[in-house]
Amino acid sequence: MNLYEYMGKNIFRSSGIPVPDGYVVEKLSELKPFEKPVAVKSQILLGGRGKSGGIKFARNADELKDFTGQLLGSKIRGLEVKKVLIEEMINIDHEFYLSIALSRPDRRPIIIASAQGGVEIESVPEDKIIKRLVDPILGYSDYLGREISQFLGLSKDISKDFMSILRNLYNVYVGEDCELVEINPLVITKEGKMIAADSKIVMDTDSMYRHRDINITDPEKTPLELEAQSKGYAFVELDGNIGVIANGAGLTMATLDALTLHKGRPRNFLDLGGTDSVDIVITAFDLVLKAKPSAILVNIFGGVTKCDTVASGIASAKEKFNIKQPIVVRLSGVHEEEGREILKKSGIDAYSQMMPAIEAVVNKAVTA
């Protein structure tokens, strides 16, 4: 889950990380009286705003109103700007890069820092970057901050500020269930202060039940995808005509690949997960039907998900929604024979192998 810049800065501020003074507006009437030069920053869940004209600098009240009006409602890289962050302009003396991310190969957090900030870290030479792993059991220790501060060439006074920021940033990383916390740039001002001029926070989506105060609508998701998300389903709309319901992300992806291999065109990805609930199956059909497929394929390898439960859900959904599209089912695993009997009574044949079911649904989708 990506957070908007202003959300990240609110977390930074409450965690003791210095950030510029600012406020967020959604309409011009919310602008406060102009007091000093400010940065006018569009709030979208993509990087590279500056290069796309999403950040402007206002030096008087007229520019503030004009720039804010230009950004609100505009589109940057296809995303509509609905909020704008107004914050004090910083007198930057030097820019640094600082982040803490999850290193999946090492299965632990990694601190990444560079004295070349304000640019994409991928473009910085490796010898200008310092990386240090953090033991998740022992946690962060100040010796890491001292080592990184020395690498960055910070003065004694600034080094103290940096170590405080890094310590607090690690607390944010752990406390907010993050996969990434990034400050780019972390700046030293001409007044000798170290400030987080930007923020990027990516939280673990699976932890969002612990963060009910954060409510973000992903602008890249379709209305149907958002509905599915609100109901707890992993669902992605595609451009084909065959609705897909399977259990497990791996099996669902394999189903999409097999359909494509046989010239089929998937209409969606829907992972039923491990369930033993008829109602969950019925709701899954409701979502897929809203995507208006020509045919529907259900691919179940029963373990935790019982085949007879899924079959009962399919039969109930067919009756409840008066489904006219062809339904092809592959059932294999726990209680598969019972499941086939249930489907047979509803006029649905079930296959024990995936490929025959794939071929059948592709043929039915063509003729439907």
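The values are calculated or read from the model by the stated rules, or taken from the named source; none is laboratory data. Treat the numbers as computed from the prediction; the structure is a model and nothing was measured. Here Cβ is always computed from backbone atoms with ideal geometry, including for glycine, and neighbour counts include all displayed protein chains.
Structure above, values below:
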{"quantity": "Cross-chain or 6+ apart pairs with Cβ under 8 Å, segment 341-368 first and over 15 Å from residue 313 (Cβ atoms), then among the acidic types (Asp, Glu)", "calculated": "352/336"}
{"quantity": "Residue identified as among the aliphatic types (A, V, I, L, M), outside the structural domain of residue 363 (by TED's automatic domain parsing) and outside any strand (DSSP E or B) among 216, 201", "calculated": "216"}
{"quantity": "Any hit, segment 144-160, residues being farther than 24 Å from residue 192 by Cβ and part of a loop (DSSP other than H, G, I, E, B)", "calculated": "no"}
{"quantity": "Condition check for residue 9: in contact (Cβ under 8 Å) with a residue 12 or more places away in the chain and of a type in the set (D, E, K, R)", "calculated": "yes"}
{"quantity": "Residue pairs meeting the criteria (Cβ under 7 Å; at least 6 apart or on separate chains; first assigned to a loop (DSSP other than H, G, I, E, B), in segment 285-297; second of a type outside the set (D, E, K, R) and surrounded by fewer than 18 Cβ atoms within 10 Å (Cβ to Cβ))", "calculated": "291/224; 294/368"}
{"quantity": "Search result, residues across segment 19-38 that are touching a Phe, Trp or Tyr at 6+ places or on another chain (Cβ under 8 Å) and part of a loop (DSSP other than H, G, I, E, B)", "calculated": "19, 32, 37"}
{"quantity": "Selection count where residues are within 20 Å of the chain's Cα centre (by Cα), free of Cβ contacts under 8 Å to residues at least 60 places away in the same chain and closer than 14 Å to residue 41 by Cβ, scope segment 54-85", "calculated": "3"}
{"quantity": "Sole exception among (1) in a strand (DSSP E or B); (2) out of contact with any Cys (no Cβ under 7 Å at 6 or more places or on another chain); (3) among the hydrophobic types (A, V, I, L, M, F, W, C) for residue 362, by number", "calculated": "(1)"}
{"quantity": "Lone qualifier among 144, 154, 169 - being out of contact with any helix residue (DSSP H, G or I) (no Cβ under 6 Å at 6 or more places or on another chain) and surrounded by 20 or more Cβ atoms within 10 Å (Cβ to Cβ)", "calculated": "169"}
{"quantity": "Test: residue in segment 41-49 that is surrounded by 15 or more Cβ atoms within 10 Å (Cβ to Cβ), in contact with a helix residue (DSSP H, G or I) (Cβ under 9 Å, 6 or more places away or on another chain), outside any loop (DSSP other than H, G, I, E, B) and not small (Gly, Ala, Ser)", "calculated": "yes"}
{"quantity": "Residue, nearest to the chain's Cα centre (by Cα), within segment 219-245, restricted to residues that are among the charged types (D, E, K, R) and part of a helix (DSSP H, G or I)", "calculated": "225"}
{"quantity": "Residue 259 assigned to a helix (DSSP H, G or I), touching a residue at least 40 places away in the same chain (Cβ under 8 Å) and either more than 22 Å from residue 340 (Cα to Cα) or under 24 Å from the mean Cα position of the chain (by Cα) (or both)", "calculated": "yes"}
{"quantity": "Residues that are without any contact (Cβ under 8 Å) to a residue 40 or more places away in the chain and of a type outside the set (Val, Ile, Thr), drawn from segment 86-112", "calculated": "103, 104, 105, 106, 107, 108"}
{"quantity": "Filter result (over 21 Å from the mean Cα position of the chain (by Cα), surrounded by 17 or more Cβ atoms within 10 Å (Cβ to Cβ) and small (Gly, Ala, Ser)) within segment 97-141", "calculated": "113, 114, 117"}
{"quantity": "Pair list, Cβ under 6 Å, 6 or more apart: segment 176-190 residue surrounded by 18 or more Cβ atoms within 10 Å (Cβ to Cβ), other residue of a type in the set (Lys, Arg)", "calculated": "182/200"}
{"quantity": "Segment 117-131 residues that are within 20 Å of residue 92 (Cα to Cα), paired with ones that are surrounded by fewer than 15 Cβ atoms within 10 Å (Cβ to Cβ) (beta carbon under 7 Å, 6 or more apart)", "calculated": "none"}
{"quantity": "Residue under evaluation residue 84, criteria (1) buried (at least 16 other Cβ atoms within 10 Å of the Cβ); (2) in the same structural domain as residue 201 (by TED's automatic domain parsing), criterion not met", "calculated": "(2)"}
{"quantity": "Of all residues making up segment 313-324, the number that are surrounded by fewer than 20 Cβ atoms within 10 Å (Cβ to Cβ), touching a residue at least 24 places away in the same chain (Cβ under 8 Å) and not aliphatic (A, V, I, L, M)", "calculated": "4"}
